[in-house]
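Enquirer: Questions regarding the structure given below will be posed in turn.
The values are calculated or read from the model by the stated rules, or taken from the named source; none is laboratory data. Computed from a prediction, not measured in an experiment: that's the story for all the values here. No Cβ is skipped: glycine too gets one built from the backbone with ideal geometry, and neighbour counts run over all protein chains shown.
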Amino acid sequence: MSTYAAALSYRALFALFPFLLFLIAMLSFLNLGDVFDRMREQTLLVLPPTTHDLIDTVISDLQDSNNSIFSVAILIAIGVASKGIRSLMNAMNKAYNITESRPAWKLLLLSVVYTIGVAVMLLFATALMVVGPQTIEWLGAWVGVGELAVTLWALLRWPLAVVLLMLVVAILYYLMPNAEQKFRFITPGSVVAVIIWIAASVGLSIYVSNFGNYDVMYGGIGAIIVLMFFFYISSAVLLLGAELNATIEHASVQGKDQGDRLIEP
């Protein structure tokens, strides 16, 4: 698991900024600049400050760039980001102990579709967080419980974010491996992965902000090291949840087979 987590963190680092370029292009096309600004604010809650500053600088440069090869760069961005998705599919197959049997053209097509799908899910989740308070306040005022509705939204906002995150993880566990399985929104693997990932992300952010001085050890590339470590933790936790689901699934199948043999005449 640690080896594949390291490989995924390497792919994620190279796929991140092309993916951001693709995301910026989608937002520009949909005229949703405010949503992207809100998304940048939300990253402060997860990423360490030094890493967030690095990504924020790159995003600003991408938004300011306006040249004739922008459309070509978007196609390249989709290709690079989809390669990271294919690496995740390979790692999931290892976690589930499954041999890849899908043809290369299908893997390529699926990785592009999944890349676009991840971008759409990010936009939807962020838009929900942005539009949510305004919508709840309007509905509350219309019903006559405006302040109560706002209070409820403040209480339910983060549980809703956790549920959305669990939905994303459940979709990844369902689509990425080369396995025929039923979609399950709540699985032990998804619950464990989300809980550990939230705790690890918050813990890493606190550690880097108060104790870890990576700039002293690594100089100007300290932010890159922290970002790579964040990707490694995220990948390891994601694969841990997949391993847990696969182990439970295999154990249940073996138990069912043994039970069938016991009742045979």
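Enquirer: Determine if the stretch 202-215 includes at least one residue that is at pLDDT below 65, farther than 30 Å from N90 by Cα, assigned to a helix (DSSP H, G or I) and not charged (D, E, K, R).
Expert: Yes, the stretch 202-215 contains at least one residue that is at pLDDT below 65, farther than 30 Å from N90 by Cα, assigned to a helix (DSSP H, G or I) and not charged (D, E, K, R).
Enquirer: Give the number of residues within the stretch 229-265 that are at pLDDT 85 or above and either under 15 Å from A6 (Cβ atoms) or not aliphatic (A, V, I, L, M) (or both).
Expert: Of the residues in that region, 16 qualify.
Enquirer: For the stretch 160-196, how many residues are at pLDDT 80 or above and part of a helix (DSSP H, G or I)?
Expert: So the count comes out to 23.
Enquirer: What tally of residues in the stretch 83-107 results from selecting those that are in a helix (DSSP H, G or I) and surrounded by fewer than 15 Cβ atoms within 10 Å (Cβ to Cβ)?
Expert: Adding up the residues that qualify gives 3.
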